[in-house]
Amino acid sequence: MYDLIVIGAGPGGYEAAAHAGKLGKKVAVVEERYMGGTCLNVGCIPAKAFLHSSKLFRDVREATKHGIRVTSPEFDLPAVVDRKNRIVSSLSRGVDGILKRAKVDIISGRGKLASRNTVEVEGKRYEAENILIATGSRPAKPPIPGIDSPGIFDSDTIFGLTTIPASIAIIGGGYIGLEFACFFNEIGSRVTVFEMLPNVAAGADQEIATRLMQVMKKSGVEFHLSCRVTKVEQRQLQFISTDGSPQVATADLILNATGRAPLVQDLGLEAVGVDFTARGIRTSDRGKTNVPGIWACGDVTGRRMLAHAATREGLVAVNNMFGKNDRIRYDAIPAVIYTHPEVASVGRTEEELKASKIDYRKSVIPMAVAGRFLIENESPNGVVKVLAGARYGEILGVHAMGDPASEFIAAATTMIETEMCVSDLKEIVFPHPTVSEALREAILAVQPGAELNA
């Protein structure tokens, strides 16, 4: 009898298992495929390795602006893939080490619920007081004829590509599609993005998302918004454009980047009575499902499909199952789109505040107010947007575009998590010169005299 069995060893599952092990609990983690889950193996880590290489390639080509002359750089995609594989292998070994140090048993195979306190793995049954489902997600497959055809890549399979396509059609303008659009554009492919919605980066603050699309358009990426893809073949994509006319696009490679879907199939959820839909397992902000003793975290819940959100959800679930009251605040979960420039955000968007009829004030400040930004970025495109409550000045949302927004968004997350107000920031010192100074300037610009919105 285990205190906890975790099904899935992604960032939510393995962190939760290790945390419970450190609390002295008897823990096992069940993993069917690979340690570290989607993020480590075919998600965040491989994507950022690819994007780091493409950014270096772009920087080398533009190095003359910084007084450095380089002739004819070449992008070696097989070498990039090899480097990615080394990074993944190293981090995977690290996950193994974390679990071993926490004395967590690792059970290989596909796990499913046999009862409220029993997990079945390859015909063998294991009992536990608590079961945490952390099975993650898979690439979404929209009902488009041909989406499963040979030669159509998705966000898992694309990382095995070893030749640079002359052109690529990307279905989906969310964060996955935008990051791949950035990567392939920087290494020389002709990139076209097809998005069903009228805006890219669904869920992001639309002022910032629109600015990002404008920058990407200027760099050469083509966008078709409010369009519906009706059929794909190996090198051909049929779609209905904004004006309703049928059109055909051709590309050397087609990528399905329409997001990810929770892995809820074949887990035995129905038999045990767990409340779920194709959109995920329903959970509380404490990680509980409707069945006592069964918990869930990460992409399988469909709530915030981000690795760091999964980790926090897993830790919250473990804390609650073993007596420590804890909850996750979803409005304090940061998100980053690792395009060039980066987009980072936390808290409410302006659209959400308007929909909730919350009075607020805002400021939008160019990142160029920070000297460090000008030193490291030739482009003046960076901005920081801050949303604060109209009455008390509590910080409600921070949204930034520009490098390295991902490195200072944690500061904004802390402000929202601790319910800081604009007035509190007057006493906090930001190091100089850093790009984070733009965050400080944007926050302090939200003063009583700023524009009132409702």
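Determine the order of 148, 76, 252, 154 by accessible area, beginning with the largest, at a probe radius of 1.4 Å. If you can, show how the numbers build up before the last one.
Values: 148 105, 76 85, 252 65, 154 30 Å².
Output order, biggest surface exposure first: 148, 76, 252, 154.
By how many nm would the segment from residue 374 to residue 432 lengthen if fully extended, with 0.36 nm per residue of separation less the alpha-carbon distance? Intermediate values should be presented prior to the final figure.
On the way: separation 58, 0.36 × 58 = 20.88 nm, distance 1.31 nm.
Contour length minus Cα-Cα distance gives 19.6 nm.
Stretch residue 355-residue 245 to full length: gain in nm at 0.36 nm per residue minus the Cα-Cα span? Provide the component values of the computation, followed by the final result.
Details: separation 110, 0.36 × 110 = 39.60 nm, distance 3.27 nm.
Here the answer is 36.3 nm.
Run the accessible area of region 88-135 with a 1.4 Å probe and give the carbon-and-sulfur part as a rounded percent. Could the numbers behind the result be given before it?
On the way: 1090 of 2540 Å².
Reported share for carbon and sulfur atoms: 43 percent.
Please state the relative contact order of the chain as a whole percent: Cα pairs under 8 Å, 6+ residues apart?
Details: 1004 pairs, mean separation 65.1, N = 454.
After rounding, I find 14 percent.
Amide H to amide H under 5 Å from residue 130: which residues, 5+ apart in sequence or cross-chain, H placed 1.01 Å off N in plane?
Close amide H contacts, sequence-distant or interchain: 4, 5.
Per residue, what volume in Å³ does the Cα convex hull of region 83-206 take up?
Numbers: hull volume 26.2 nm³, N = 124.
Per residue, the Cα convex hull of region 83-206 comes to 211 Å³.
How large is ³J(HN,Hα) for each residue in region 77-89, as worked out from phi by the Karplus curve 6.51 cos²θ - 1.76 cosθ + 1.60 (θ = phi - 60°), to whole Hz, x for Gly and Pro?
Result, ordered by residue: 4, x, 5, 5, 5, 4, 5, 4, 5, 5, 5, 4, 4 Hz.
Which ³J(HN,Hα) values, rounded to whole Hz and listed in residue order, are derived for region 129-135 from phi using the Karplus coefficients 6.51, -1.76 and 1.60 in 6.51 cos²θ - 1.76 cosθ + 1.60 with θ = phi - 60°, glycine and proline given as x?
5, 9, 10, 10, 8, 9, 7
Accessible area per residue for region 1-129 in Å², computed with a 1.4 Å probe and the full protein assembly in place, what is it? Walk me through the numbers before you get to the answer.
Values: 6650 Å² over 129 residues.
Counting only protein heavy atoms, the per-residue value for region 1-129 is 52 Å².
Pick the calculated Rg and Dmax of the Cα atoms in Å for this structure from (1) 24.4, 73; (2) 23.0, 67; (3) 56.0, 209?
(2)
Each residue of region 297-305 in turn: what ³J(HN,Hα) in whole Hz from Karplus with 6.51, -1.76, 1.60 and θ = phi - 60°, glycine and Pro shown as x?
Those phi angles translate into 8, x, 4, 5, 7, x, 7, 10, 7 Hz.
For the chain, give me the percentage of DSSP beta bridges that are antiparallel, rounded to the nearest 5 percent. All intermediate terms of the calculation are to be shown ahead of the outcome.
Values: 47 of 78 bridges.
Beta bridges within the chain, antiparallel portion: roughly 60 percent.
In region 19-57, whose amide N lies under 13 Å from the spot 7 Å out along Cα-to-Cβ of residue 156? List them in ranges.
32-34, 37-39, 41-43, by backbone N distance to the label point.
To the nearest 10 square angstrom, how much accessible area does residue 304 have with a 1.4 angstrom probe?
Looks like 70 Å² after rounding.
Out of residues 5 or more away from residue 231 or on other chains, whose amide H comes under 5 Å of its own, with H placed 1.01 Å from N in the peptide plane?
Under 5 Å from the amide H of residue 231: 238.
Would you be so kind as to identify which of 117, 246, 79 lies farthest towards the positive end of the dipole of the chain, taking Lys and Arg as +1 and Asp and Glu as -1 on Cβ and the Cα centre as origin?
Comparing the listed Cα positions along the dipole, 117 ranks first.
Please list, by residue number, every one of the GluC sites (Glu not before Pro) in region 55-131 that is coil in DSSP and has at most 16 other beta-carbon atoms within 10 Å.
When the GluC sites (Glu not before Pro) of region 55-131 are filtered for loop state and at most 16 Cβ neighbours within 10 Å, 62, 74, 122 remain.
What distance in nm separates the two pseudo spin-label positions at residue 167 and residue 285, each 7 Å out from Cα along the beta-carbon direction?
If labels sit at residue 167 and residue 285, their model points lie 4.9 nm apart.
Given the options 278, 224, 301, identify the residue whose Cα lies farthest towards the positive end of the charge dipole of region 224-328 (+1 on Cβ of Lys, Arg; -1 on Cβ of Asp, Glu).
Value: 301.
So if I take the alpha carbon set of region 14-124, get Rg, then get Rh from the Kirkwood formula, what is the Rg over Rh ratio?
Details: Rg = 20.6 Å, Rh = 17.0 Å.
Value, to two decimals: 1.21.
Might you report the magnitude of the Cβ-based charge dipole of the chain about its Cα centre, with Lys and Arg at +1 and Asp and Glu at -1, to the nearest 20 debye? List each step's numbers first, then the result.
On the way: 52 positive and 52 negative charges, 122 e Å.
With only Lys, Arg, Asp and Glu charged at Cβ, the dipole is about 580 debye.
Based on the Cβ-Cβ distance of residue 219 and residue 125, what FRET efficiency does E = 1/(1 + (r/R0)^6) give at R0 = 51 Å, to the nearest 0.05? Write out the running numbers ahead of the final one.
Details: r = 55 Å, r/R0 = 1.08.
Using R0 = 51 Å, I get an efficiency of 0.40.
Nearest 500 deg cm²/dmol is fine: what mean residue ellipticity at 222 nm does the chain get from its DSSP H runs of n ≥ 4 alone, each adding -39,500 (n - 2.57), divided by its residue count?
Taking each H run of at least 4 residues, the total per residue is -9500 deg cm²/dmol.
In a shell of Cβ-Cβ distance under 14 Å around residue 404, excluding residue 404 itself, what net charge do Lys and Arg (+1) and Asp and Glu (-1) give?
Values: positive: 48, 55, 372; negative: 59, 342, 376, 403, 407, 437.
That sum, taken over residues with Cβ under 14 Å, equals -3.
Given the Cα-Cα distance of residue 77 and residue 271 and 0.36 nm per residue of separation, how much length would full extension add, in nm?
On the way: separation 194, 0.36 × 194 = 69.84 nm, distance 4.67 nm.
Full extension of this stretch gives 65.2 nm more.
Please give the net charge around residue 15, taking every other residue with its beta carbon less than 11 angstrom from that of residue 15, where Lys and Arg add +1 and Asp and Glu add -1. List each step's numbers first, then the result.
Details: positive: 22, 312; negative: 313.
It works out to a net charge of +1.
The values are calculated or read from the model by the stated rules, or taken from the named source; none is laboratory data. Predicted, not measured: the structure shown is a model, and the values here were computed from it. With ideal geometry, Cβ positions are generated from the backbone for all residues, glycine too; neighbour counts draw on all protein chains shown. Accessible surface is based on the protein model in full, side chains and every heavy atom, while ligands, DNA and RNA are left aside. Shrake-Rupley method; radii C 1.70, N 1.55, O 1.52, S 1.80 Å.
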